[in-house]
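Some notes on the structure that comes next.
The values are calculated or read from the model by the stated rules, or taken from the named source; none is laboratory data. Predicted, not measured: the structure shown is a model, and the values here were computed from it. Here the Cβ is made from the backbone with ideal geometry for all residues, glycine too, and neighbour counts use every protein chain on show. Note: accessible area is taken over every heavy atom of the protein model, side chains too, but ligands, DNA and RNA are not part of it. Shrake-Rupley method; radii C 1.70, N 1.55, O 1.52, S 1.80 Å.
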Amino acid sequence: MGISTDAALPEEREGKKVGELMTLLLSADLKSALGEKAPHLIVDPEKAFSEFEQFTHLGAVRELRGNLGQEVAQAVNELERYSARAGLDEEVLDKVVGHLSKIREQIDLADQRRRELLNLMGEESLLKLDVTVSRNLPNSADEATQRRHLVAGFSLKWTLRTDRAQDCRSQGAKMAALRRGRMPHFAAVTMEPRPSMLAILGRGSGDVDCVYHLHLPALCDAIDEYCSGTKHKATLEMRDTFRRLLDQRRVRDYDELRTYVATL
């Protein structure tokens, strides 16, 4: 992905922060990997869930917050002005104005009811996915308004902070609960070296399918070397935790991500 193996990633590079740079580099790498194997798949950085057909409904509440009766009210006002200029009989004009007043009342009542219903509705929101893999839907009735089908989504974390390690799992749980249709493959991609932090994401109820590590072979070698010959209980527990994650395929190498996504 263009990241030097002999140095830590700087806080900023080419004017971009670590997370932004990681998103761009991983997106470019996946595009290259899928170009020949799966040309039908589309890779994008930072896409909102509502842009994909399984989650289109998430934007509905936001749209309802707009003034839906504004155009109707403007048409009523224009009709009233036209009636005043049209030279209608006074009795007819009074009836027209009376009908228009009733229409305004109904618009106001409908708007009030809409706001009451909005206050009762819960508005669920999801953070943008760092990298998305999607495909066009076949036989779309209206290609102009076509929404792509989300095949896979990834949350990227160069390292894991203790206070934010659960973010990925929370996002995955919401995806599963709010989707309409097939659940996309959802995983975290990280360079985190600590088994205890990897376990927070990789060991759980399936909110995250798995964790892809950017250089798993090197991490395996480092942990084996660090734990070699020790009898320290905490160190051995760390090694065993890591091995369980590998055996259960909760942690996988990034190269497997590149291969697996091409099959979706």
Checklist entry - Which of the residues that make up segment 23-37 are crowded, with 16+ Cβ neighbours inside 10 Å and small (G, A, S)? => result S27, A33
Item to check | Selected residue (only one of D240, D224, D247, D253 is among the acidic types (D, E), crowded, with 17+ Cβ neighbours inside 10 Å and either over 30 Å from T56 (Cβ atoms) or free of Cβ contacts under 8 Å to residues at least 60 places away in the same chain (or both)) | outcome: D253
Checklist entry - Which one of the conditions (1) out of contact with any strand residue (DSSP E or B) (no Cβ under 7 Å at 6 or more places or on another chain); (2) modelled with pLDDT of 90 or more does V43 fail to meet, given that it meets all the rest? => result (1)
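Residues checked against (1) part of a strand (DSSP E or B); (2) buried (at least 17 other Cβ atoms within 10 Å of the Cβ); (3) of a type in the set (K, R); (4) at pLDDT below 85:
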{"residue": "P138", "(1), (2), (3), (4)": "no, no, no, yes"}
{"residue": "L150", "(1), (2), (3), (4)": "yes, yes, no, no"}
{"residue": "G153", "(1), (2), (3), (4)": "yes, yes, no, no"}
{"residue": "T159", "(1), (2), (3), (4)": "no, no, no, no"}
{"residue": "K174", "(1), (2), (3), (4)": "no, yes, yes, no"}
{"residue": "A177", "(1), (2), (3), (4)": "no, no, no, no"}
{"residue": "S196", "(1), (2), (3), (4)": "no, no, no, no"}
{"residue": "G204", "(1), (2), (3), (4)": "no, no, no, yes"}
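In the set V211, V261, which member is touching a Gly at 6+ places or on another chain (Cβ under 9 Å), touching a residue at least 12 places away in the same chain (Cβ under 8 Å) and surrounded by 12 or more Cβ atoms within 10 Å (Cβ to Cβ)? I'd like the intermediate steps shown before the answer.
Values: V261 fails: touching a Gly at 6+ places or on another chain (Cβ under 9 Å).
None of the others qualify; the one that does is V211.
Does C168 meet the test of being of a type outside the set (A, V, I, L, M) and either over 24 Å from the mean Cα position of the chain (by Cα) or assigned to a strand (DSSP E or B) (or both)? Walk me through it before giving the result.
Working: of a type outside the set (A, V, I, L, M): yes; either over 24 Å from the mean Cα position of the chain (by Cα) or assigned to a strand (DSSP E or B) (or both): no.
So C168 does not fit the description; no.
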Next on the checklist: So, A187, is that one open to solvent by less than 30 Å² (accessible area, probe 1.4 Å), touching a Pro at 6+ places or on another chain (Cβ under 8 Å) and closer than 20 Å to L25 by Cα or not?
Outcome noted: no
Next on the checklist: When you check D253 against the structure, is it under 18 Å from the mean Cα position of the chain (by Cα) and acidic (D, E), yes or no?
Outcome noted: no
Checklist outcome for this item: Quick count over segment 179-194, residues being touching a residue at least 60 places away in the same chain (Cβ under 8 Å) and part of a strand (DSSP E or B), is 3
